[in-house]
Amino acid sequence: MKVNKNVEAIIVTLLYLTCLYFWTLPIQDNPLPYGEVDAFSHYAVADYTYTSDRSVTDLPHYIDRRYGKDNEFKQHTLWYPPPFHTGLAIGAAIGGESDFPIYLVNAIFCSLIVLSVYFIIRRFFGFEAALLSGFLLIFSMRDIMVFLWGQWPERMGFAYLPLIIYCFYKYATSFLKKEQKPVYLYIMSFLLAINFFIHPMDFFHSVGALIIIGLFFFIKERKIFFSLKHVSAAIVLFLLIVSIFPTQSMNVFVKLRSGTAEESAKGDFGRLLGWFKAPRENTGTPPVYFSYSAMIGPYWTVPLILLGVLFLLLRRNNKDLVILGWLVSLYIMIHLDFIGKGRVHRSLSGTAHIFYPLMVLGLLYAYTFFVKLVPALRRYKSLIRYVLVVAFMIVVFISIGAGARDSLEGAYKSIIARANPSQHALSTWLRGSEVPDDADMFHMGALSLAKTRSIYMMGHRYMGTSAGGSLDEKNFTYIVMDYSDLLLIGNRDGLNQLQSFEMSLANNTLLYNKDNIRVYEYG
Amino acid sequence: MDNKMTLGIILVLIGLFSFIFLGFTGFRVIFGMLLVFFLPFYILLGRFGLSRGERMVFSLFIGIGVFPSIVYWLGVFMSFRLAIVVTFVVLMIVALFLKKSRD
């Protein structure tokens, strides 16, 4: 399908705005922070940067209490390289407030995969394949779930892989044609370094893909397709860039040495025959996360993926090898538990990025094959192609799009899923209160760890719960008696227990008393 | 349809979308991000013989990583907001200087 470049630019804009519409649904009506515990750690670093008007070097107490040891190379400093969180904070500074802009910029960052997959598929296989792949990715449930829960840098980092392998392809093919274009290799260095900064696991995915694709190129071409001088310069450039954040970069290598697999299928050959098997032990993810039909699409799409792979295997030009190398490298990353390594269920979240393009290629090449087989159809082949593309978009939207939209629209919508207005008021008061910055507060009435974390990350004061030890064990100096959630869900027993405990605080100083929440100085 | 008209349509689409669904704050954030993350790097990458599509995509993805990195280090020594302005101004001066020297 030929399409004018300017019209295409408008279509791509509409595609991405559609994506952004869906991915910002959780904040369109309610701008309060949401997510699981990880989300609030990322929010907190960005929010603190914005509110303190300074870059974070040493962690403030309320972040340090939980994340102070996550940087194993230099404790009490940022555990991720700063660009991701600084990017969110820049959004907050531009927007003039904290919560909504941070979540909006994050939605943009996490959905960049739609643009990068569109880009590589457009360059390799044309407009329709790219449009369909990008459209499908908007509704990739596994991406959406991870985005909603809060593994934000991991989501964003995957978007760099398609561009990195594209640069590699451009450099290698230019070299093979004797029209060397080392600029692609240098751009690749920049992208790899940024990929490393955003999320180390995604960086290793990219490196894995480069190794496999390089191997495929070498097997096919049977000659060296790079200049040692260019590669050395690219490596030096990469090392120079990653050295600008030494404590965070070194943390990655320290963690690599001490890293163990979360799930182990060491020596289980059966594991190699499937794409993924839901782990027996609890990885903190719901079982539905491991379901193909719930996360990727209906089972009738599996043959399309296989057709896509078959088509690439039969043709095997250099572009096909890039996509196949990407697929094989992802397979390896997802099966690292076979050798007792990796956090393979996290790698699984990169599946849709390659499965959807393969599905689309399978569909388009099945169509081409069918038209060749039935000569009578050739006269209408353009019309049939348009109808096929539109029909596929409609069918896919009905199959996965509606569910994805409902998940995004309903995410953390209930009154108890995010901080309620009383808890938000408490957070706002805490920020400017006389409670010292290094105080440890005890949150009573908490419904979940994530809820407590959201309140204290917004309030800039650390709060523990009974999950982390009893009141006296932990030497808490302030107590938050929070009846607000228990009242909202009508938990009589919980309210009675809280009230009877509060009677024992009669001799303590009451600092805050508003909307069913009281704060006492304790001890 | 020429390039300028296309750019105009795209900016109007982004503007309308931002205002309708994300309000004035969303509008500011989206256009502000395009300005600081994208524009200086788009001009800088004009030197390297890339196609328009490559230049657009690479400048966005490189800008998202490089701009905050510079702001971060400046923000250690000065106001974070000032660091954003200084980074943007310096990058724009460098980009425009290089563009002029090429032309």
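We did not get these values from a lab; they are worked out from the coordinates using the rules stated. Model, not experiment: these values are computed from the prediction. Using ideal geometry, Cβ is built from the backbone for each residue, glycine included, and neighbour counts are taken over all protein chains shown.
Restricting the calculation to Cα atoms, every distinct pair contributes to the Kirkwood radius of the stretch A:37-109, found to be 12.2 Å.
Pairs of Cα atoms nearer than 8 Å and 6+ residues apart set the relative contact order; for the stretch A:421-521 it is 30 percent. For chain A, the longest principal axis of the C-alpha atoms and the axis of helix A:351-373 are separated by about 30°. A DSSP coil position with no more than 15 other Cβ atoms inside 10 Å describes the following trypsin sites (Lys or Arg not before Pro) in the stretch A:45-81: A:LYS69, A:LYS74.
For the stretch A:421-521, what class follows from the C-alpha gyration tensor (a ≥ b ≥ c being the square roots of its eigenvalues): rounded when a/c is under 1.5, otherwise prolate if a/b is larger than b/c, else oblate? Rounded, since a/c falls under 1.5. With an a/c value of 1.5 or above and a/b not larger than b/c for the gyration tensor axes a ≥ b ≥ c computed over the alpha-carbon atoms, the stretch A:306-420 is described as oblate. When exposed loop sites are taken as GluC sites (Glu not before Pro) in a DSSP loop with at most 12 other Cβ atoms within 10 Å, the longest stretch of chain A clear of them is A:1-178. A full extension of the chain between A:VAL395 and A:PHE73 corresponds to an added length of 110.9 nm, given 0.36 nm per residue minus the alpha carbon distance. Here the relative contact order of chain A, from alpha carbon pairs under 8 Å that lie six or more residues apart, stands at 17 percent.
With a cut-off of 13 Å between beta carbons, the residues surrounding A:SER140 carry a summed charge of +2, where Lys and Arg count +1 and Asp and Glu -1. Taking a ≥ b ≥ c as the square roots of the Cα gyration tensor eigenvalues, with a/c under 1.5 meaning rounded and otherwise prolate when a/b beats b/c, else oblate, which class fits chain B? Cα axes put chain B in the oblate bin. Its DSSP H runs of at least 4 residues, each contributing -39,500 (n - 2.57), put the calculated 222 nm mean residue ellipticity of chain A at -19000 deg cm²/dmol, to the nearest 500. Rounded to the nearest whole angstrom, the semi-axes of the ellipsoid equivalent to chain A, taken from the Cα gyration tensor as √(5λ), stand at 46, 27, 21, largest first. The C-alpha atoms of chain A define a longest principal axis, and helix A:112-125 lies at about 0 degrees to it.
Helix A:492-503 and the longest principal axis of the Cα set of chain A meet at an angle near 50°. Qualifying trypsin sites (Lys or Arg not before Pro) in the stretch A:352-437, where qualification requires a DSSP coil assignment and no more than 14 other C-beta atoms within 10 Å, comprise A:LYS413.
Take every pair of alpha-carbon atoms less than 8 Å apart whose residues are at least six positions apart; their mean separation over the length of chain B yields a relative contact order of 25 percent. Each residue of the stretch A:440-457 was assigned a 3J(HN,Hα) from its phi angle through the Karplus curve 6.51 cos²θ - 1.76 cosθ + 1.60 (θ = phi - 60°); the sequence is 10, 9, 10, 9, 10, x, 5, 8, 7, 4, 4, 5, 4, 5, 4, 5, 7, 5 Hz, with glycine and proline shown as x.
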